[in-house]
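The values are calculated or read from the model by the stated rules, or taken from the named source; none is laboratory data. The model shown is predicted, which means the values in this text are computed figures rather than measured ones. Cβ placement follows ideal geometry from the backbone for every residue including glycine, while neighbour counts extend to all protein chains displayed. The protein model used for the area step is the full one, side chains on, heavy atoms only, and it has no ligands, DNA or RNA in it. Shrake-Rupley method; radii C 1.70, N 1.55, O 1.52, S 1.80 Å.
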Amino acid sequence: MQVNHEAPRICAVGDNVVDRYVDRRLMYPGGNAVNVAVHARRCGARTAYVGAVGDDAAGRLLWDVLVREGVDTDRLRRLA
């Protein structure tokens with residue numbers, strides 16, 4: 001029996017959020033589906049995220065973090 005050494009592939013679909021701390025001028029991206037995609041990628045899986053983000057600063061942050069983390073964003077949509 002041959003062993004498949006290809007990394008697992010995971011597509012996370014759903015929510016995303018940004019926790020905003022106005023007094024500290026900080027934003028942290030997250031949400032269940034985003035967290036799954038990022039953490040699975042960090043563990044070696046090939047991951048993608050399907051969802052939508054706004055065209056504001058929070059949406060840009062989410063998009064940029066996913067790209068930086070190596071998550072496939074081909075199916076991520078930016079909405080007004």
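What is the antiparallel percent of DSSP beta bridges lying wholly in the chain, to the nearest 5?
Details: 5 of 15 bridges.
In the chain, DSSP labels about 35 percent of beta bridges as antiparallel.
Whole-Hz ³J(HN,Hα) for each residue in the stretch 46-62, computed from phi via Karplus 6.51 cos²θ - 1.76 cosθ + 1.60 with θ = phi - 60°, x for glycine and proline: what do you get?
8, 10, 9, 10, 10, x, 9, 10, x, 8, 9, 4, 5, x, 5, 4, 4
Can you tell which of VAL22, VAL38, VAL65 shows the greatest fluctuation in a Gaussian network model of the chain with Cα springs below 10 Å?
The residue that fluctuates most here is VAL22.
So, for the stretch 20-74, what is the accessible surface per residue at a probe of 1.4 Å, expressed in square angstrom? Walk me through the numbers on the way to the answer.
Numbers: 3370 Å² over 55 residues.
Here the per-residue accessible area is 61 Å².
Of (1) 38, 23, 23; (2) 50, 42, 20; (3) 57, 26, 18, which is the value of Cα extents along the principal axes in Å derived from the coordinates here?
(3)
Would you work out the relative contact order for the chain, in percent, from Cα pairs under 8 angstrom that are 6 or more residues apart? Don't jump to the answer; show the numbers that get you there.
On the way: 139 pairs, mean separation 23.7, N = 80.
Dividing the mean separation by the residue count of the chain yields 30 percent.
Under a Cβ-only charge scheme (Lys and Arg +1, Asp and Glu -1), can you give me the dipole magnitude of the chain about the Cα centre, in debye to the nearest 20?
On the way: 12 positive and 10 negative charges, 20 e Å.
Using Cβ point charges on Lys, Arg, Asp and Glu, the chain gives about 100 debye.
Could you tell me how many degrees, from 0 to 90 and to the nearest 10, lie between the Cα long axis of helix 32-42 and the main elongation axis, the longest principal axis, of the Cα atoms of the chain?
With both axes taken from Cα atoms, the answer is about 50 degrees.
Kindly provide the helix-only [θ] at 222 nm of the chain, computed as the sum of -39,500 (n - 2.57) over DSSP H runs of four or more divided by all residues, to the nearest 500 deg cm²/dmol? Display every interim value, and only then the final one.
Values: 2 runs with 23 residues, N = 80.
Counting only the DSSP helices, I get -9000 deg cm²/dmol.
Per-residue HN-Hα couplings for the stretch 70-80, Karplus 6.51 cos²θ - 1.76 cosθ + 1.60 at θ = phi - 60°, whole Hz, x for Gly and Pro?
Here the 3J(HN,Hα) series is x, 7, 5, 10, 4, 9, 8, 10, 9, 10, 5 Hz.
Quick one: pull the percent of accessible area on the chain belonging to carbon and sulfur, 1.4 Å probe, ligands and nucleic acids left out. Kindly include the intermediate steps, with their values, before the conclusion.
Values: 2840 of 5720 Å².
Carbon plus sulfur share of accessible area: 50 percent.
Could you work out which residue, out of ARG25, ARG68, ARG42, moves most in a Gaussian network model of the chain, that is, has the largest mean-square fluctuation with Cα springs under 10 Å?
Comparing ARG25, ARG68, ARG42 in a Gaussian network model of the chain, the most mobile one is ARG25.
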